[in-house]
1. Place a label point 7 angstrom from the Cα of Ala101 along the Cα-to-Cβ direction, then list the residues of the stretch 1-30 whose backbone nitrogen is under 14 Å away.
2. Taking only Cα atoms of the chain, what ratio of Rg to Rh do you get with Rh as the Kirkwood inverse-distance radius?
3. Highest mean first, what order results for 16-22, 125-131, 38-44 on Cβ atoms within 10 Å?
4. So how much slack lies between Glu111 and Ala76, counting 0.36 nm per residue of separation and subtracting their Cα-Cα distance, in nm?
5. Can you give the net charge of the other residues whose Cβ lies under 14 Å from the Cβ of His67, counting K and R as +1 and D and E as -1?
6. Got a sec? Charge dipole of the chain, +1 on Cβ for Lys and Arg, -1 for Asp and Glu; which of Ile78, Leu88, Asn130 is way out at the positive end?
7. Taking the Cα centre of the chain as origin, sum charge times position over the Cβ atoms of Lys and Arg (+1) and Asp and Glu (-1), and report the length of that vector in debye to the nearest 20.
8. Of all accessible surface on the chain at a 1.4 Å probe, what whole percent is carbon and sulfur?
Amino acid sequence: MRALAQGTFDILHPGHVHYLEEAAAMGDHLDVIVAREPNVTHKPDPVLDARQRRDVVAALDAVDRAHLGHPEDIFAPIEELDPDCIVLGHDQHHDAAAIEAALAERGLDCEVRRATAREAAYPEEVLSTNDIIERVLDERG
């Protein structure tokens, strides 16, 4: 079974690793699509460029292959990769039912699942890119 995860993955942190490890456990092969900058419209622009974010994601043991997203059509790589399931992060803004409908319109038989949240292992652990940026600005800005 081929699983697929997707996201921005800017400033990789333990929450990202948890998401990708959980996604990998849902299949025997994990592809990851890393969003290109123009497709990141729901939060501030990424700090790192898409190729660098892809390369860091690809270095994780849980990931079999990391790909850059399509610049205009976010479903094009999904059509090409033809996964059995797409695993959404626990806090990703995507609507699973809307994704399933869009996949069905394109003739793709693909289940959509959602990963669980990773709880902080200790009080100071940061599990959000925005929180990491805030901490850096507070401590070094």
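The values are calculated or read from the model by the stated rules, or taken from the named source; none is laboratory data. The structure displayed is predicted, hence computed values, not measured ones. Neighbour counts run over all protein chains shown; Cβ positions are idealised from the backbone, glycine included. The accessibility values were calculated without ligands, DNA or RNA, using every heavy atom of the protein model including side chains. Shrake-Rupley method; radii C 1.70, N 1.55, O 1.52, S 1.80 Å.
1. none
2. That ratio is 0.97, to two decimals.
3. So the order, starting with the most tightly packed, is 16-22, 125-131, 38-44.
4. 10.9 nm
5. Local charge sum for His67: -1.
6. The residue sitting most towards the positive pole is Asn130.
7. 180 debye
8. In the chain, the share of accessible area belonging to carbon and sulfur is 47 percent.
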